[in-house]
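A.B. asks: Provided herewith is a single structure, encoded as structure tokens, for subsequent inquiry.
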Amino acid sequence: EDGRARLRRGRAALVFQSFHLLPNMTAEENVSTPLEIDGARDAMATARDWLGRVGLSGRLTHYPHQLSGGEQQRVALARALAARPALLFADEPTGNLDGATATSVADLMFNLVTEVGAAMVMVTHDPVLATRADRIVRMADGRIVS
């Protein structure tokens, strides 16, 4: 299990529909803490940089309950990409967001994944979002159908 955890921590990152931010930590702390655990010396500066990239420079000291759903997902995206993973797993990344916010977050996610040079595996029920992928694998009843 330790080897799998190291692989996930160092090479892969996750973004979930429900954000999974730590409620007792600020946006800045939610992004910097995984970096600190990995031994990054400049974790806070990196967190501030990534929160700026997702448009949240003015929300660094806000707690998750003080952020909108779109802002929480952008914090989660910054946290996931700050360590520059090779692979991003995105599980319904826009599922909890309204249409306009979902489009904005999806645009940001695709742009940042390209910027860091990561691959992305995304699970979605949104057919419009799915069309943005380079490859689509469809499943039904637990089986790959196309």
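A.B. asks: Check off (1) part of a helix (DSSP H, G or I); (2) surrounded by 18 or more Cβ atoms within 10 Å (Cβ to Cβ) for Ala90 and give me the number that stays unchecked.
C.D. replies: (1)
A.B. asks: Give me the pairs: first residue in the stretch 118-137 and at negative phi, second residue surrounded by 14 or more Cβ atoms within 10 Å (Cβ to Cβ) and of a type in the set (Phe, Trp, Tyr), beta-carbon distance under 7 Å, and six or more apart or on different chains, which are they?
C.D. replies: Taking only residues 6 or more apart or on different chains, the pairs are Val121/Phe89; Arg132/Phe110.
A.B. asks: Then there is this: Look at Asp2 and say whether it is among the acidic types (Asp, Glu), farther than 20 Å from Asn111 by Cβ and in contact (Cβ under 8 Å) with a residue 40 or more places away in the chain.
C.D. replies: no
A.B. asks: Out of everything in the stretch 130-144 that is exposed (fewer than 12 other Cβ atoms within 10 Å of the Cβ) and part of a loop (DSSP other than H, G, I, E, B), what residue ends up being farthest from the chain's Cα centre (by Cα)?
C.D. replies: The selected residue is Asp141.
A.B. asks: For Glu115, are the conditions met, namely being assigned to a helix (DSSP H, G or I), modelled with pLDDT of 95 or more, over 24 Å from Leu22 (Cα atoms) and charged (D, E, K, R)?
C.D. replies: So Glu115 fits the description; yes.
A.B. asks: How many residues are in a helix (DSSP H, G or I) and under 22 Å from Ser104 (Cβ atoms) if we restrict to the stretch 23-68? Please lay out each step first, then the result.
C.D. replies: Of the residues in the stretch 23-68, the ones in a helix (DSSP H, G or I) are 27-37, 43-53, 57-59, 64-66.
Adding the requirement that they be under 22 Å from Ser104 (Cβ atoms) leaves 27-28, 30-31, 47-53, 57-59, 64-66.
Number of matching residues: 17.
A.B. asks: State whether the residues of the stretch 122-129 include one that is assigned to a strand (DSSP E or B) and either surrounded by 12 or more Cβ atoms within 10 Å (Cβ to Cβ) or modelled with pLDDT under 95 (or both).
C.D. replies: The answer is yes; a qualifying residue exists.
A.B. asks: When you scan the stretch 75-84, do you find a residue that is touching a residue at least 40 places away in the same chain (Cβ under 8 Å) and either more than 11 Å from the chain's Cα centre (by Cα) or in a loop (DSSP other than H, G, I, E, B) (or both), even just one?
C.D. replies: For the stretch 75-84, residues touching a residue at least 40 places away in the same chain (Cβ under 8 Å) and either more than 11 Å from the chain's Cα centre (by Cα) or in a loop (DSSP other than H, G, I, E, B) (or both): present.
A.B. asks: While we're here: Being free of Cβ contacts under 8 Å to residues at least 40 places away in the same chain and under 20 Å from Val75 (Cβ atoms) is the filter here, so list the residues in the stretch 98-113 that pass it.
C.D. replies: Asp98, Ala100, Thr101, Ala102, Thr103, Ser104, Val105, Ala106, Asp107, Phe110, Asn111, Val113, listed by residue number.
A.B. asks: Is it true that Leu112 is touching a Gly at 6+ places or on another chain (Cβ under 7 Å) and within 28 Å of Leu35 (Cβ to Cβ)? If you could, list the steps in order and put the result at the bottom.
C.D. replies: Numbers: touching a Gly at 6+ places or on another chain (Cβ under 7 Å): no; within 28 Å of Leu35 (Cβ to Cβ): yes.
Criteria not met by Leu112.
The values are calculated or read from the model by the stated rules, or taken from the named source; none is laboratory data. Because the structure is a prediction, the values reported are computed rather than measured. FYI the Cβ positions are ideal-geometry reconstructions off the backbone, even for glycines, and counts take in every protein chain you see.
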